[in-house]
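The values are calculated or read from the model by the stated rules, or taken from the named source; none is laboratory data. These figures come from a predicted structure and were not determined experimentally. Cβ sites come from the backbone with ideal geometry, for glycine too, and all protein chains shown count toward neighbours.
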Amino acid sequence: MALTPKQQAFVNEYLIDLCGAKAATRAGYSAKSARRIAVELLEKPDVQAAIKLAMEQRSERTEITADMVLQHWFDLATADPNELVQYRRHACRYCHGDGHAYQWRDIGEFEEAKTKATQNKRAAPTDEGGYGYTTHAAPDPRCPRCDGDGVEKPFFADTRRLSAKGKALYAGIKQGRDGLEVLMHDPQKAWDNVARHLGMFKDRLELTGKDGGPVEINSTGGVSGLLAAARQAVGDADRSST
């Protein structure tokens with residue numbers, strides 16, 4: 001049996017995110033009863049066959065397989081945000097200086113500081129703390145200046161050198177009033193998509209009977225009786241929610 005235009009629209013929308021309720025709403029069905037309608041549509045053999053065919057045709061057109069899609073979501077879900085951005089604490093200038101005096105990177109930095117001090121008529125600095133300062137060194141817990149807390153420093157990775165997982169997580173950058181912000185895709189949403197593609201999530205309707213108890217159904221009517229009773233319960237639930 002051929003699908004109605006609305007049913008076909010549901011099939012097309014369902015392929016976007018595999019969410020029945022959202023697909024039903026986008027296809028033009030009532031938002032209030034979208035979950036119930038989605039369940040009913042997904043139980044129809046004709047709709048199931050149309051979805052399967054559409055997925056197969058899409059894979060042929062794009063040469064994208066379900067395994068490739070699943071791998072993408074898995075990479076995103078398991079990516080480490082520290083690969084993109086880090087909050088670091090490194091040694092302050094006094095942590096590793098001789099006698100915890102100010103430490104210079106090298107003699108060139110020291111000479112430049114002396115020249116500027118002379119030009120500005122300030123006291124010349126000394127190099128008693130020695131040389132070799134680097135931000136790669138960890139704070140010294142004995143440091144009397146920073147008490148071992150070091151100096152905070154945000155770090156942004158070179159996005160050209162990200163791993164496959166890092167590239168999946170990376171969503172661009174944003175320049176705002178407070179500076180540069182690294183944007184990331186949502187790993188939790190990626191986990192949801194992994195679970196959905198593996199069939200761990202099902203579009204289903206939870207029904208309860210009187211006072212929150214189980215739905216009481218007279219089974220003497222056979223399968224048709226069960227379906228009729230279930231639809232009646234759904235209708236009652238929809239009406240009570242309005």
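Restricting attention to the range 20-45 and to residues that are of a type outside the set (S, T, N, Q) and more than 23 Å from ASN193 (Cα to Cα), the residue that is surrounded by the most Cβ atoms within 10 Å (Cβ to Cβ) turns out to be TYR29. Within the range 1-19, being crowded, with 18+ Cβ neighbours inside 10 Å and either modelled with pLDDT under 90 or farther than 14 Å from ILE51 by Cα (or both) holds for one residue alone: CYS19. Remark: LYS165 falls outside the filter, which requires a residue to be part of a helix (DSSP H, G or I) and more than 34 Å from the chain's Cα centre (by Cα).
Scanning the range 156-184 for residues that are surrounded by fewer than 15 Cβ atoms within 10 Å (Cβ to Cβ) and touching a residue at least 40 places away in the same chain (Cβ under 8 Å), we see that the one that is nearest to TYR87 (Cα to Cα) is PHE156.
Within the range 22-132, which helices (runs of 4 or more DSSP H) (wholly inside it) include 1 or more residues that are in contact with a helix residue (DSSP H, G or I) (Cβ under 7 Å, 6 or more places away or on another chain)?
Numbers: elements: 34-42, 45-62, 66-77, 107-119.
Output list reads 34-42, 45-62, 66-77.
Of all residues in the range 95-123 being under 20 Å from ASP140 (Cβ atoms) and among the small types (Gly, Ala, Ser), which is surrounded by the most Cβ atoms within 10 Å (Cβ to Cβ)? So the residue we want is GLY97.
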